[in-house]
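The values are calculated or read from the model by the stated rules, or taken from the named source; none is laboratory data. Predicted, not measured: the structure shown is a model, and the values here were computed from it. Heads up, the Cβs are rebuilt from the backbone with ideal geometry, glycines too, and the neighbour counts pull from every protein chain shown. To get the accessible areas, we keep the full protein, side chains included, count just its heavy atoms, and leave off ligands, DNA and RNA. Shrake-Rupley method; radii C 1.70, N 1.55, O 1.52, S 1.80 Å.
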Amino acid sequence: MKSKQEILEIFGQVISGPMNRYVSEWKKSGKKVVGYYCSYIPEELFTSIGVLPYRIRGAGSKDSSVADAYLSARLCTFVRHSLALALSGELNFLDGVVSMNSCDHIRRGFDLWKHKVKPGFSYFISVPRVQDDRVLFWFEEEMEGLKKAVEDHFGKKVTPEGLKSAITLHNRARILLKEVLDLRKSDSPPLSGTEALTAAVASQLIPEPDLIPLLEDFLAGLKKSGGGKPARARLVVAGGELDEPQFIRNIEEQGGLVVADDACFAVRSFWDLVPENGDPWKSILRRYLFHVPCARMVGALDDRTAFLTSLVKDFRADGIIFQRMKFCDIWAGESHNILWRMKKAGIPILVLDREYQVPASGQVQTRVQAFLESMGK
Amino acid sequence: MAILGKERFEDLEAIHEGITGMLDIYKEDPASRGLNAYFKAFTKLVENLCRPFDDKQPVVWYNLGMSPELILALEGVHNIPLEAYPALQDIVGEVNFTLDYIDRAEAHGLPHEVCSVDKAGVGAVLKGIMPKPSCILGVNTPCDSQMAALQASAELSGAPLYLIDIPYLYGEREVEYVARQIRDAIPFLEKHTGRKFSWERFREICLRANGMSENLLAWNEYRKAVPCPQISKLICLMVPLFITFAGTETGVVTAAELAAEARERSERGEAAVPGGEKIRAVWYQDPVWFDLQFYDWMESELKMVIPMDLFGYHAPEGMIDVSSRESMLRGLAHRFIRVMPMSRQFKGPIEWYLNDYVTLCREYKADCGIFAGHVACKHAWGGLGLLKEKCREIGIPLLVFEFDMFDPRVTSAESIQDQITQFVNNVVLPRIELKK
Ligand code: SF4
Ligand code: SF4
């Protein structure tokens, strides 16, 4: 059994750049990897046919200029860095890419994947911008198209049995991550927000058969270890794209403890399980369209507000840090709306813009300091 | 200054004064037929913004990704585009009001990088000058910034919002999907406005929408003539016209006037550029709405004309088959996916973006292209690298500059003039000379 520290080191290495030891092993054994953007792409589809779903990020990109030459400097830096990796060949280990209309930036990024990076397999899904039964049929049709394309390209049939075991595997990982999350409810949690996000991000980059034992050991280690030192304030970090634990560290170095993270790559990625009874494909699709909604889902503000406030309550947070990637419009509207909803609810909130690969900004530190002080902490 | 017999918000009075002033100057001018048609249409839009305060009839807000045919089919319902105030202020009113709307929205927490039209729309809502809506109908085009504004407006007004999801691609399946959602929107509109949707009325509206489109298509054709018969700035005003008046008599008449002026001038061999045009440019992306005189300067100083831009180009897919209820809904779906400017070029795959540009350059015999990079328009900027490659491939030089179509504080008209002048003198004219 590996210790908490050993596992955190492994997770830290896994998320530090595009390639990691597990993906490398996977590839060496002749198996395929498909990169995908966004939490609306069903991982179980790929797992069911022995293809590894790998969530694309920009970690390891030092400079986005090769992508900026196409995308300009007015796009979100997460997309620019991920495309910089792709254009410079650092994602060549991917056997395919699946993208979707998450936002205007990811859409334009896909144009480059298709026309410049040219992976062996590429597919684009049009996911509805509403979370509503009236559009479920469309989502199902789009996913049918993806399923067929994946079957044709990889020469493997997606079967109900394969999907069922993929559901079990992914659910197991989600349950473990939720148990880790639960530990953060305690007065002195056994892990920091930085560590929790490291684990959550790594979970989207490691094959489930390797991941599950790691998470089991991690959880067992956490249960045995004592709590951390008392924090100045308990915080929920909310918002859009967030796969850089250094950003959380930056907050925690000011004395705040991040007890929950309502963000992409974080809680939202593992919160909802796929029901294990019923038609597996239909259950997967329903789970993906109706999971905790991202801000791209228009009309779901009440649900997002309810989810965020429940995290604040359940994790006994003193306030919220709402982070948004600069240039991101999806989370721009949301930051405005959530700001006022939280103000009305009397929950302290700080809205922060940030850029990918610029985690340790002095400005963030200063603003977090001021925020903690404003809460009397 | 009273509008419809009453004192109004100073914002509206500024717009009204602007239009009245323009009409006083140009209404007797036979050379300003198209411009006058616009001014008259904008007068109607000002009245539309006043009437709900007087008659207390239900109001539906909607965003600029859609035209209003469906809303108009509910009798006695006012259709108010969210962007009405900033568009009117910049074009015919007082730009400082737009800047005030933008500043209000930013001060209220809407991030700086959201499109200025959307920030200004939200600012107008915050200022309380928009007639209160019974509900909001939206489409998720052209961009994410629009969705930010739509949701913020719904939040601020408390009005229920119905979103028609516009998918990524365009084909029969996509059209059916959108048509089905448009049909589903009808009970939503009926419920919240308390008004009945009339299919007969809808049919008449679709016929008028077709009438407007026929005129716009003809107008687009006449503007292909060399020399371009009609001034540049007329094309960039088409977007607010289409968004507000598609399906109305005002829309038909205004489009007919534009087409008639272009045809007559073309038949008489008249050129938009005084003394004859030297350069034809396709203007891609957003216009300089905060200073329309900029276009006059371009024509008189540089002898450059814009025969067509992204806002004025009317796509042929917009004709509605009125033979059945289903065909009308499908017709509207075609419009939402593939006709509305910006949505048409930027919402789908990069080919849509590049193909229209190449088509415009070819059909309007462009010597050069101008990418007027509206700072907030991420999906336009995000395709720029591939656009530049395409320009090299077709051998047409492209100027790229950064500005904000509503906000002169980002880049002044003078600075844009400098950049265009240098481009014309250093790149375009020498190339034209070489070709001779
Ligand atoms: S942070 Fe915003 S702009 Fe960037 S990828 Fe996510 S949704 Fe798109
Ligand atoms: S200019 Fe661009 S960002 Fe602004 S509304 Fe149009 S498509 Fe959206």
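What the table below lists for this structure:
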quantity: The range A:103-112, residues that are in contact with a helix residue (DSSP H, G or I) (Cβ under 8 Å, 6 or more places away or on another chain) and either under 18 Å from B:SER343 (Cβ atoms) or crowded, with 24+ Cβ neighbours inside 10 Å (or both); calculated: A:CYS103, A:ASP104, A:HIS105, A:ILE106, A:ARG107, A:ARG108, A:GLY109, A:ASP111
quantity: Residue match in the range A:62-82 (condition: more than 14 Å from chain B (Cβ to nearest Cβ) and small (Gly, Ala, Ser)); calculated: no
quantity: The lone exception for B:TRP219 - which of (1) closer than 30 Å to B:VAL92 by Cβ; (2) touching a Pro at 6+ places or on another chain (Cβ under 9 Å); (3) open to solvent by less than 30 Å² (accessible area, probe 1.4 Å) it fails; calculated: (2)
quantity: Number of the exception - B:TYR162 against (1) without any contact (Cβ under 8 Å) to a residue 60 or more places away in the chain; (2) open to solvent by less than 10 Å² (accessible area, probe 1.4 Å); (3) part of a strand (DSSP E or B); calculated: (2)
quantity: Among (1) assigned to a helix (DSSP H, G or I); (2) more than 14 Å from every other protein chain (Cβ to nearest Cβ), the one test that A:TRP113 misses; calculated: (2)
quantity: Test result for B:GLY382, open to solvent by less than 10 Å² (accessible area, probe 1.4 Å), modelled with pLDDT of 95 or more and either touching a Cys at 6+ places or on another chain (Cβ under 7 Å) or within 16 Å of ligand 1 (Cβ to nearest atom) (or both); calculated: yes
quantity: Residue check for B:LEU35: in contact (Cβ under 8 Å) with a residue 40 or more places away in the chain, open to solvent by 10 Å² or more (accessible area, probe 1.4 Å) and not in a strand (DSSP E or B); calculated: yes
quantity: Residue identified as open to solvent by 60 Å² or more (accessible area, probe 1.4 Å), touching a residue at least 40 places away in the same chain (Cβ under 8 Å) and either of a type outside the set (Lys, Arg) or in contact with a Ser or Thr (Cβ under 7 Å, 6 or more places away or on another chain) (or both) among A:ASP318, A:ASP314, A:ASP353, A:ASP329; calculated: A:ASP314
quantity: Residue among A:LYS178, A:LYS224 that is modelled with pLDDT under 95 and out of contact with any strand residue (DSSP E or B) (no Cβ under 9 Å at 6 or more places or on another chain); calculated: A:LYS224
quantity: Every pair of residues 6+ apart whose Cβ atoms lie under 8 Å, when the first sits in the range B:357-382 and is free of Cβ contacts under 8 Å to residues at least 60 places away in the same chain while the second is within 16 Å of ligand 1 (Cβ to nearest atom) and assigned to a strand (DSSP E or B); calculated: none
quantity: The range B:315-340: number of residues that are closer than 28 Å to A:SER102 by Cα, open to solvent by less than 10 Å² (accessible area, probe 1.4 Å) and of a type outside the set (A, V, I, L, M); calculated: 4
quantity: Within the range B:70-95, tally of residues that are open to solvent by less than 20 Å² (accessible area, probe 1.4 Å), over 23 Å from B:ILE320 (Cβ atoms) and not in a helix (DSSP H, G or I); calculated: 2
quantity: Condition met for B:ALA154 (more than 7 Å from every other protein chain (Cβ to nearest Cβ), part of a helix (DSSP H, G or I) and either of a type in the set (Ser, Thr, Tyr) or surrounded by 24 or more Cβ atoms within 10 Å (Cβ to Cβ) (or both)); calculated: yes
quantity: Verdict on B:PRO111 being within 16 Å of ligand 1 (Cβ to nearest atom), in contact with a strand residue (DSSP E or B) (Cβ under 9 Å, 6 or more places away or on another chain) and open to solvent by 10 Å² or more (accessible area, probe 1.4 Å); calculated: yes
quantity: Flag for B:GLU389 being at pLDDT below 95 and either crowded, with 19+ Cβ neighbours inside 10 Å or assigned to a helix (DSSP H, G or I) (or both); calculated: no
quantity: Some residue of the range B:135-149 being within 14 Å of chain A (Cβ to nearest Cβ), part of a helix (DSSP H, G or I), within 21 Å of A:VAL351 (Cα to Cα) and without any contact (Cβ under 8 Å) to a residue 60 or more places away in the chain; calculated: yes
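Residue-by-condition table, conditions (1) within 15 Å of ligand 2 (Cβ to nearest atom); (2) closer than 20 Å to B:PHE346 by Cα; (3) of a type outside the set (Val, Ile, Thr):
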| position | (1), (2), (3) |
| --- | --- |
| B:ALA84 | yes, no, yes |
| B:ASN140 | yes, yes, yes |
| B:MET147 | yes, yes, yes |
| B:ILE164 | no, yes, no |
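Let's see how each residue does on (1) basic (Lys, Arg); (2) open to solvent by less than 10 Å² (accessible area, probe 1.4 Å); (3) in contact with a Ser or Thr (Cβ under 8 Å, 6 or more places away or on another chain):
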position: A:PRO213; (1), (2), (3): no, no, no
position: A:SER225; (1), (2), (3): no, no, no
position: A:PRO230; (1), (2), (3): no, no, yes
position: A:VAL236; (1), (2), (3): no, yes, no
